[in-house]
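**Q** Here it is: the structure, laid out below.
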Amino acid sequence: MVKHRESRPGQKAAGGLGAKSRRDMPGKPSAKPAHASRPAKPSRDHGERVAEPREAAVASAAPERPLTTRSGERPVERVPVILESLGAGDFHLIDSGNGLKLEQYGPYRIVRPEAQALWPPSLASHVWDNADAIFTGDTDEDGMGRWRFPREALGETWPLQLLGVDFLGRFTAFRHVGVFPEQIVHWAWMKEQVEAAKRPLKVLNLFGYTGVASLVAAAAGAEVTHVDASKKAIGWARENQALGRMEKLPIRWICEDAMKFILREERRGSKYDIILTDPPKFGRGPNGEVWHLFEHLPLMLDICREILSPKALGLVLTAYSIRASFYSIHELMRETMRGAGGAVESGELVIREAGLDGRTPGRALSTSLFSRWVPK
């Protein structure tokens, strides 16, 4: 179930800060990719999202170009917008509290750290103790840890499904399992856009990680370009493609620094109808390049604007675990899209607890900030 709740102007946004450490590849530190790789040692603050080495490329490595001077009216704003999920497919959030979350991923119940779960758990301790896998370790120090399996030893991977797409969950050393289910609200929106279009659409998935979004878009009928600087991430994505017997879908798997890629696409005059981008807060590339979200995001969005097609349907930005209000990326997106018309809607992605049965709504857990430009 996916729920879109838009608060009226003047209402207070639910939770002003995004918080969550991001995607990890086996053998790589925690967080999701930017075009940059994630640092070997994540922030001590679990709420700070950092880049992982799994993405081996960073924006600042690319030759910079000046920001485009734009004129015209800024797009209409819709704030705050809360995009809420009560779980989907093989995933739901069972319970949360005391800095932890209890989740259902297919047949397994999993306990992982969650710094934003400040409240006490709703369910009895024996429910939590009966989990199939528990992530432990000194995660605040270096992002690494290990999985404990209280009931029986489990394999490294297992099959999962979201939005009709099959993929592999994986117990990595960095707490994540290969998918960020709160993103399903963006993926469902993208799927609707692709299926409703009366023409072929081109989708660019920057920092594409394990490829679930790319597979959703391609299965809906889009031509997809998936960019990730980690060979391991691309390998996992291809495994997911093979698992679902989707090898014939039109997906280009590009292993490259995202900033370098979009700069080249701009020079070539390439255009995309939908762009998804999810950069980290900080990252280092293979050649010592450094990415800082607050320094490099304006240029990255500026280039994305330039490679949007004349009939583009959306530019989606997600920002995890940064010490900022969603208004920071909201106003940046409005400036970037000045003169383009349409609207910019910004706020937070949240997952609501769904209980043991997956259908009993509980508390909402904020996962990230987002900003999305749409043409109308």
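The values are calculated or read from the model by the stated rules, or taken from the named source; none is laboratory data. These figures come from a predicted structure and were not determined experimentally. Virtual Cβ from ideal backbone geometry, glycine too; neighbours counted across all protein chains shown.
**Q** Of a type in the set (Phe, Trp, Tyr), surrounded by fewer than 22 Cβ atoms within 10 Å (Cβ to Cβ) and more than 25 Å from Glu247 (Cβ to Cβ), is that true of Trp189? First the steps, then the outcome.
**A** Details: of a type in the set (Phe, Trp, Tyr): yes; surrounded by fewer than 22 Cβ atoms within 10 Å (Cβ to Cβ): yes; more than 25 Å from Glu247 (Cβ to Cβ): yes.
In short, yes.
**Q** Can you name every residue in the stretch 116-126 that is of a type in the set (A, V, I, L, M, F, W, C) and surrounded by fewer than 18 Cβ atoms within 10 Å (Cβ to Cβ)? Spell out the reasoning first.
**A** Quick first cut of the stretch 116-126, residues of a type in the set (A, V, I, L, M, F, W, C) only: 117-119, 123-124.
Result: Leu118, Trp119, Leu123, Ala124.
**Q** Restricting to the stretch 221-254, name every residue that is touching a Ser or Thr at 6+ places or on another chain (Cβ under 8 Å) and without any contact (Cβ under 8 Å) to a residue 60 or more places away in the chain.
**A** Filtering the stretch 221-254 for residues touching a Ser or Thr at 6+ places or on another chain (Cβ under 8 Å) gives 224, 226, 229-230, 233, 236-237, 240, 251-252, 254.
Once the filter is applied, which keeps residues that are touching a Ser or Thr at 6+ places or on another chain (Cβ under 8 Å) and without any contact (Cβ under 8 Å) to a residue 60 or more places away in the chain, the stretch 221-254 yields Val224, His226, Ala237, Ile251, Arg252, Ile254.
**Q** Would the stretch 251-263 turn up any residue that is in a strand (DSSP E or B) and buried (at least 21 other Cβ atoms within 10 Å of the Cβ)? Before you say what the answer is, go through the steps one by one.
**A** Going through the stretch 251-263, the residues in a strand (DSSP E or B) turn out to be 251-255.
Retained after the next criterion (residues that are buried (at least 21 other Cβ atoms within 10 Å of the Cβ)): 251.
Yes, that holds for at least one residue.
**Q** If you go through the stretch 294-332 one residue at a time, how many are of a type outside the set (D, E, K, R), modelled with pLDDT under 95, surrounded by fewer than 21 Cβ atoms within 10 Å (Cβ to Cβ) and not in a helix (DSSP H, G or I)?
**A** 2
**Q** With a cut-off of at least 3 residues that are under 19 Å from Ala88 (Cβ atoms) and not basic (Lys, Arg), name the strands (runs of 3 or more DSSP E) lying wholly within the stretch 157-226. It would help to see each step written out before you state the result.
**A** Values: elements: 157-162, 165-170, 202-206.
In the stretch 157-226, the matching strands (runs of 3 or more DSSP E) lie at 157-162, 165-170.
**Q** Could you list, in sequence order, all residues of the stretch 239-250 that are crowded, with 16+ Cβ neighbours inside 10 Å and either part of a helix (DSSP H, G or I) or at pLDDT 95 or above (or both)?
**A** Of all residues in the stretch 239-250, those crowded, with 16+ Cβ neighbours inside 10 Å come to 239-241, 243-244, 246, 249.
Listed by number, the residues that qualify are Glu239, Asn240, Gln241, Leu243, Met246, Leu249.
**Q** Okay, next question. Among the candidates Leu162, Leu249, Leu204, single out the residue that is closer than 19 Å to Ser368 by Cβ and either among the hydrophobic types (A, V, I, L, M, F, W, C) or in contact with a Gly (Cβ under 7 Å, 6 or more places away or on another chain) (or both).
**A** Leu162
**Q** Could you tell me whether the stretch 275-282 includes any residue that is over 19 Å from the mean Cα position of the chain (by Cα) and either surrounded by 18 or more Cβ atoms within 10 Å (Cβ to Cβ) or part of a strand (DSSP E or B) (or both)?
**A** Looking only at the stretch 275-282, we keep the residues that are over 19 Å from the mean Cα position of the chain (by Cα), and these are none.
For the stretch 275-282, residues over 19 Å from the mean Cα position of the chain (by Cα) and either surrounded by 18 or more Cβ atoms within 10 Å (Cβ to Cβ) or part of a strand (DSSP E or B) (or both): absent.
**Q** Also: Any chance you could count how many residues in the stretch 85-133 are of a type in the set (D, E, K, R), within 21 Å of the chain's Cα centre (by Cα) and in a loop (DSSP other than H, G, I, E, B)? Outline the logic, then answer.
**A** Initial filter on the stretch 85-133 (of a type in the set (D, E, K, R)): 90, 95, 101, 103, 109, 112, 114, 129, 132.
Next cut, within 21 Å of the chain's Cα centre (by Cα) only: 90, 101, 103, 112, 114.
Okay, now just the ones that are also in a loop (DSSP other than H, G, I, E, B), so 90, 114.
Of the residues in that region, 2 qualify.
**Q** Which of the numbered conditions does Pro286 fail, given that it passes all the others? Conditions: (1) within 28 Å of Ser368 (Cα to Cα); (2) at pLDDT 95 or above; (3) part of a loop (DSSP other than H, G, I, E, B).
**A** (2)
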